[in-house]
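What follows is calculated from the coordinates using simple rules that are stated; it is not laboratory data. What you see is a predicted model, and the numbers here were worked out from it, not measured in a lab. Note that each Cβ is placed from the backbone with ideal geometry, even for glycine, and that neighbours are counted across all protein chains shown.
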Amino acid sequence: MRFLNLALVTVASTALPQVAPAQQDIPLVPIGISAEDFDFTGTWNYRTANHSVAGACPNGSPMSGTLEITHSGDAVGLVLTSGATCDPGSMCIYDGAIDDDGNLIVSNTATVDDEGGTAANAIHIFFLTDDMATGHAGSGYVHPSGFECQWSYFIELTR
């Protein structure tokens, strides 16, 4: 895994001594690889963390399991094969593409209840190596009466 330490870049680019003590507070920034440069398809293990919610809905819980990524032409597919409860089942099936930066963006949407409520999910995946990725995800629910909630979380993939 390759990292760019912004603290070293900051210290090297300035002669101000007061910058040096803060270098430990600056996180490492991963330098990713483009999905176009390797075969990212297949089975991946995933786990989620840092779940948050906006709205009067329960917060999401950390999940872990497996997912399957497919790629054909410009289309990318992702299916959560274990570790998640999807109701309806189509909410475990995502479609998307490789963005201009070489990252995956997949999403889905469906009517999820008999009152006409709709839900949507999106995942942005950033590859660190050919067997490790990270990303963030967002989900939303909107009821026809105007009630809504949004969730977000981080996701890590390994194989």
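Filter the GluC sites (Glu not before Pro) in region 57-159 to those in DSSP coil with at most 12 other Cβ atoms within 10 Å of their Cβ, and list the result.
Qualifying residues, ordered by number: Glu115.
Could you tell me the ratio Rg/Rh of region 56-102? Both radii from Cα atoms, Rh via Kirkwood.
Expressed as Rg/Rh, it is 1.06.
Report the extension gain between Ala54 and Asp74 in nm, rounded to one decimal, defined as 0.36 nm multiplied by the number of residues separating them, less their alpha carbon distance.
Roughly 3.9 nm would be gained on extension.
Set the Förster radius R0 to 22 Å, insert the Cβ-Cβ distance between Thr81 and Thr111 as r into 1/(1 + (r/R0)^6), and round the FRET efficiency to 0.05.
After rounding to 0.05, the efficiency reads 0.40.
Specify whether the C-alpha gyration tensor of region 119-159 places it in the rounded, prolate or oblate class, a ≥ b ≥ c being the square roots of the eigenvalues: rounded for a/c under 1.5, otherwise prolate if a/b is larger than b/c and oblate if not.
Prolate is the answer for region 119-159, as a/c is 1.5 or above and a/b outweighs b/c.
Using the Cβ atoms and a cut-off under 12 Å, what net charge is assigned to the surroundings of Asp99, where Lys and Arg are +1 and Asp and Glu are -1?
Residues close to Asp99 contribute a combined charge of -4.
Looking at region 70-129 from every direction and averaging, what is the projected area of its Cα convex hull in nm²?
5.0 nm²
To the nearest µm²/s, what D does Stokes-Einstein give for region 26-157 at 10 °C and 1.306 mPa s, using the Kirkwood radius over alpha carbon pairs as Rh?
Calculated translational D: 102 µm²/s.
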